[in-house]
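Here the structure comes first, spelled out in structure tokens, and everything after it is commentary.
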Amino acid sequence: MIKAENVCYVYQIGMPFERQALKNINLEIDDGSLVAIIGHTGSGKSTLIQHFNALVKPTSGKIEIDGINVTSKDADLKLVRRKVGIVFQYPEHQLFEETVYKDIAFGPKNMGLSDEEIDRRVRESAKMLGIKEKHLEKSPFDLSGGQKRRVAIAGVLAMRPSVLILDEPTAGLDPKGRDDILEIIKKLHEKNEKMIIIFVSHSMEDVAKTAEKVIVMNEGHVEMMGTVDEVFSKSKKLQEIGLDVPQITRLTNKLKDAGYDLPDNIYTVEEAAEAIKKLAGGVRNV
């Protein structure tokens, strides 16, 4: 479990550009959760996720990961960072080894694992991410953008974290690459029942397709937290803080306003297609 209690964070305390980035964050994320964090630019999303593995420590408040007080002075930060793996935005820019195999193996090697264990983890992680065996001996720089992204995620997964955090995992990818990464996130969630997966996104469509729960950040605090349905049903509130519901939801809402009998909770193209199919040949409800 991840637990945050009254977490505040202030950048550049005492300096001319002092700014409070997080304000009294209180939240709990249970094991096995698949959570999206959304919010406008500057809302505190990235600052929050960096607190989860102690890259940044709060100015005040407490964070616990699996019962470990991350914020205490004697916290074992190496253990914390093994438990919490972060894949930053555009992680492919951080690839540097000669081969894909060596890049994935970098984390496990630094953990002091045996060669046999490293090899097992590299191959298992590569398989989970759909990286073919023949690509392991290739240079990561010969791969496509989507393939590089997979290699970067595999390198974090090879460390077997309890919590996997992805910051804008689909940023810069073409539609197929984006869909592939979202599908991988869902499959990882299905295969790892206890792992917490958190991803930050600006795309309401990606959130609707993938997440089970959503945390909405606004001006450094948690504005809302709930299921996809609970959050996206509050479209007016989302618009007030500079966000929106998925485009398909806006479309189906207009169809409902025009008199078509459609459900309230349509957030993906697939859901919309299914609902409209049921109406095909039906009578307009006016």
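The values are calculated or read from the model by the stated rules, or taken from the named source; none is laboratory data. A quick note: this is a predicted structure, and the numbers were derived from the prediction, not measured. Neighbour counts run over all protein chains shown; Cβ positions are idealised from the backbone, glycine included.
Does the range 170-199 hold any residues that are modelled with pLDDT under 90 and touching a strand residue (DSSP E or B) at 6+ places or on another chain (Cβ under 7 Å), and which are they?
Scanning the range 170-199 gives no hits.
Check whether at least one residue in the range 235-248 is over 30 Å from ILE2 (Cβ atoms) and over 18 Å from the mean Cα position of the chain (by Cα), and report yes or no.
yes
Inspect all residues belonging to the range 175-184 and state whether any of them is in a strand (DSSP E or B) and either farther than 23 Å from TYR90 by Cβ or of a type outside the set (S, T, N, Q) (or both).
No, the range 175-184 contains no residue that is in a strand (DSSP E or B) and either farther than 23 Å from TYR90 by Cβ or of a type outside the set (S, T, N, Q) (or both).
Which of the residues that make up the range 120-171 are part of a loop (DSSP other than H, G, I, E, B) and β-branched (Val, Ile, Thr)?
Hits for the range 120-171 are ILE131, THR170.
I'd like the full set of residues that are among the β-branched types (Val, Ile, Thr) and loosely packed, with under 15 Cβ neighbours inside 10 Å, limited to the range 52-69.
THR59
So for the range 52-69 (the condition being more than 19 Å from the chain's Cα centre (by Cα), under 23 Å from ARG178 (Cα atoms) and of a type in the set (Val, Ile, Thr)), does at least one residue qualify?
Scanning the range 52-69 turns up no residue that is more than 19 Å from the chain's Cα centre (by Cα), under 23 Å from ARG178 (Cα atoms) and of a type in the set (Val, Ile, Thr).
Residue-by-condition table, conditions (1) touching an Asp or Glu at 6+ places or on another chain (Cβ under 8 Å); (2) exposed (fewer than 15 other Cβ atoms within 10 Å of the Cβ); (3) among the aliphatic types (A, V, I, L, M); (4) in the same structural domain as GLU193 (by TED's automatic domain parsing):
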| residue | (1), (2), (3), (4) |
| --- | --- |
| VAL7 | no, no, yes, yes |
| ARG19 | no, yes, no, yes |
| LEU22 | no, no, yes, yes |
| ILE29 | no, no, yes, yes |
| ILE37 | no, no, yes, yes |
| GLN50 | no, no, no, yes |
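From the list ILE165, ILE153, ILE118, ILE184, exactly one residue is over 18 Å from ARG82 (Cβ atoms) and either in the same structural domain as ILE29 (by TED's automatic domain parsing) or surrounded by 15 or more Cβ atoms within 10 Å (Cβ to Cβ) (or both). Which is it?
Going through ILE165, ILE153, ILE118, ILE184 in turn, just one is over 18 Å from ARG82 (Cβ atoms) and either in the same structural domain as ILE29 (by TED's automatic domain parsing) or surrounded by 15 or more Cβ atoms within 10 Å (Cβ to Cβ) (or both): ILE184.
Out of the range 58-82, which residues are modelled with pLDDT of 90 or more and either closer than 15 Å to LEU157 by Cβ or charged (D, E, K, R) (or both)?
LYS62, GLU64, listed by residue number.
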